[in-house]
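Read through the structure below, which is laid out as structure tokens, and then see the notes.
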Amino acid sequence: MTADVLVLNRSYFAISVTSWQRALCLLYADRAAALDAEYRSYDFQDWVDLSNAIAENPSGFVHAPAFKIAIPEVIVLKAFDRVPKREVPFTRRNIYHHYGCRCCYCGKRFPSTDLNLDHIVPRSRGGRNDWMNTVTSCIPCNLRKGDRLPEEAGMRLVIPPSRPAPDSGVVFILRSPVPIRRSWQRFIDSVYWNVPLEEE
């Protein structure tokens, strides 16, 4: 059995994906409630009672000698209300979005297909691959700079490097090892997950 469960904090904000075993442990320990499609929450015993009354469950059942319990698709934590700190992921797409598809050397806007990523301090000279050393550059500026520092190429950055704030509008990418279930979608519409949506 490989069912995975979406975990919400008590404000119903999606915070992680966990295994069905961990989800049932949280439910049994009264640290979480199972959530159905109508947003109704159930403690462990209520969920067991509901499970025994239904014949089918998308994620399947766990059978015990005296009862069966449906594997919930979503659980909500009863005490946890914090949101995990999320930094904007360092991806090509997010870098282009952060700089508005502008070349940081000439300041002109380009289609993303006409932009490169440039390391201010070249990687070959110890430059890091991070927000403060990577900017967008048009192809002519990128070729002109080559494997040099901007000042060595007689260039300057008209748009300085910066790290985007979490609320900057740059797309968040939350990583999940499993496809996103359709039953989860109503809780995660505000973010982009870098995995496919579950097929119908």
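Nothing in this text is a laboratory measurement; each read-out follows from the coordinates by a stated rule. Every value quoted in this text rests on a predicted model; they were computed, and no experiment measured them. Note that we place each Cβ from the backbone using ideal geometry, even for glycine, and neighbour counts take in every protein chain shown.
Points worth noting:
- Per-residue Cβ neighbour rank within 10 angstrom, fewest leading, S124, S137: S124, S137
- Relative packing of 28-39, 97-108, 53-64, which averages over residues the other C-beta atoms within 10 Å, highest first: 97-108, 28-39, 53-64
- With the charge dipole of the stretch 92-153 set up from +1 on Lys and Arg Cβ and -1 on Asp and Glu Cβ about the Cα centre, the Cα lying farthest toward the positive end among the listed residues Y96, I120, V135 is that of Y96.
- Using a Förster distance of 25 Å, the FRET efficiency for L50-F80 (Cβ separation, nearest 0.05): 0.60
- Point-to-point label distance, R10-D114, nm (Cα→Cβ direction, 7 Å offset): 5.4
- The ranking of V17, V158 by Cβ neighbour count inside 10 Å, starting from the fewest, reads V158, V17.
- The equivalent ellipsoid that matches the C-alpha gyration tensor of the stretch 4-84 spans semi-axes of 21, 12, 11 angstrom, in descending order.
- Under a model in which nothing but the beta-carbon of Lys, Arg (+1) and Asp, Glu (-1) is charged, the stretch 92-153 shows a dipole of about 140 debye around its Cα centre.
- Among T136, T18, T91, a tally of other beta-carbon atoms within 10 Å of each Cβ gives an order, fewest to most, of T91, T18, T136.
- Shape call, the stretch 92-153: gyration tensor on alpha carbons, a/c limit 1.5: oblate
- Taking Lys and Arg as +1 and Asp and Glu as -1, the other residues whose beta-carbon sits under 13 Å from that of G154 total +2.
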